[in-house]
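Shown next, in structure tokens, is the structure this report addresses.
What follows is calculated from the coordinates using simple rules that are stated; it is not laboratory data. As the structure is a computational prediction, the values presented were derived from the model and not from experiment. No Cβ is skipped: glycine too gets one built from the backbone with ideal geometry, and neighbour counts run over all protein chains shown.
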Amino acid sequence: MPAELPYAEKEAFANGRGILGIMIERTAGITMDQYITTPITAETTKNLHVGDYVYISGTIYVARDAAHKRLMEVLEREEPLPFPIQDAAIYYMGPSPAREGRPIGSAGPTTASRMDKYAPRLLDLGQKAMIGKGKRSQEVVDAIVRNQAVYFAAVGGAGALLSKCIQKSDLVCYGDLGAEAILRLEVKDFPVIVVIDCQGNNLYETASKEYAVL
């Protein structure tokens, strides 16, 4: 938690909301808390709106850019993907080693733009949710709208807090990539914020503009 933040911002970080959450609360007015379970279908995404706080339970997959590159190679060979992509949620994250008795170590998000060149193809194949941090390209936004998908932000700098919502972690494939291997996680009330909804509304654009004039 950044030491220089005022008390309200420190409290928000302690609760997993962070600066992006502060921006929402100051600029967007009313947001909703929503609890969802995976798989995440189009029926689910149509009820999620930019700025909503969402708590995810169920199975999510972990993959970063090295793993995404291999997934593209699998598709080029016309082979099946190593996990079911339909209605899947992929978390852009590389965990630290787990402490004794815990399924995973610190589990904070990776910058999502590193996956931008791969994401549209996976969305077109049925993936419905991405979890990361930072802005996305227009190509990704277009793919989100085209496929009724959603992009969630997890709180950067809160990896230890997020790891407490992870109940189980299993290796799916590409163990040779170390922290960039594909994992299957079982999560309970994993906290995220809707940053780009299925209509293409983009919190990074709207909240930043409004916050700048406060």
Looking at the stretch 108-212, what % of the alpha carbon pairs are farther apart than 22 Å? 36
Kirkwood hydrodynamic radius of the stretch 83-127, from inverse mean 1/r over distinct Cα pairs, in Å: 12.3
What is the gain in length, in nm to one decimal, between residue 43 and residue 138 on full extension, counting 0.36 nm per residue of separation less the C-alpha to C-alpha distance? 31.8 nm
Within 10 Å of each candidate Cβ there may be at most 11 other Cβ atoms; applying that plus a DSSP loop requirement, which trypsin sites (Lys or Arg not before Pro) in the stretch 52-94 survive? 77
For labels at residue 57 and residue 102 in the simple 7 Å Cα→Cβ model, what's the distance in nm? 2.3
What percentages, rounded to whole numbers, describe P(r) for the stretch 48-129 computed over all alpha carbon pairs with 5 Å bin width beginning at zero? 3, 12, 21, 24, 20, 12, 7, 2
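Any chance you could tell me what percent of the C-alpha pair distances in the stretch 31-204 go past 19 Å?
Details: 7676 of 15051 pairs.
That fraction is 51 percent.
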Separation in nanometres of the label points that stand 7 Å from Cα toward Cβ, at residue 83 and residue 145: 2.9
